[in-house]
Amino acid sequence: MSEICPISFKQVDENAARSNAILSVIAVGLFLATSYKFIIVFLIVDFFIRGFIDPLYSFNTAISKSILRIINNKPKLIDGSPKIFSAKLGFFMSTFIFVFSYFDLHVATTILGAMLIFFALLEGVLGYCVGCKIYSFLEKAKKNQSI
């Protein structure tokens, strides 16, 4: 699939995005194992910052960049629009996980948590961003409708 022109001209470090995904896997896994709601609230806030404010102010991005700096990993800048869209999807998924857990809907909480873990693992381990693919599909569909 060809790349779509960005809706913003922000760039993000792909390595930091992949590291953020691993931190998200850890957070959701800890939440599902312990049911400590502050863990998922932390993730909600972090996804909100990355998706709606600026990824530079994200807690997980700061942690990821620190780790990458320690191991002398060079930044690999890519278009930020798909990653920002993915953070918005993560925000909504983690918000629903919180809501489902608040109402003791354990099966729904577990299923949505497992989905978020799966998507984040794809990104973190394989570099395959499901949210980015959805973003590209939606942008291509918008482009085709405007013709």
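The values are calculated or read from the model by the stated rules, or taken from the named source; none is laboratory data. Small disclaimer: the values here were computed from a predicted structure and weren't measured. Here Cβ is always computed from backbone atoms with ideal geometry, including for glycine, and neighbour counts include all displayed protein chains.
Of the residues making up region 50-80, those that are farther than 17 Å from GLY127 by Cβ and small (Gly, Ala, Ser) are GLY51, SER58, ALA62, SER66.
Looking only at residues in region 119-145 that are small (Gly, Ala, Ser), in a helix (DSSP H, G or I) and in contact (Cβ under 8 Å) with a residue 60 or more places away in the chain, which one is surrounded by the most Cβ atoms within 10 Å (Cβ to Cβ)? Only one residue fits best here, namely ALA120.
Which residues, taken from region 66-90, are among the charged types (D, E, K, R) and assigned to a strand (DSSP E or B)? Let's see the steps before the verdict.
Going residue by residue through region 66-90, those that are among the charged types (D, E, K, R) are 69, 74, 76, 79, 83, 88.
Across region 66-90, the qualifying residue is only ASP79.
Checked against (1) under 13 Å from the mean Cα position of the chain (by Cα); (2) surrounded by 14 or more Cβ atoms within 10 Å (Cβ to Cβ); (3) modelled with pLDDT of 95 or more, PHE52 passes all but condition (2).
When region 57-83 is limited to residues that are within 12 Å of ASN20 (Cβ to Cβ) and of a type outside the set (Ser, Thr, Tyr), the one that is nearest to the chain's Cα centre (by Cα) turns out to be LYS83.
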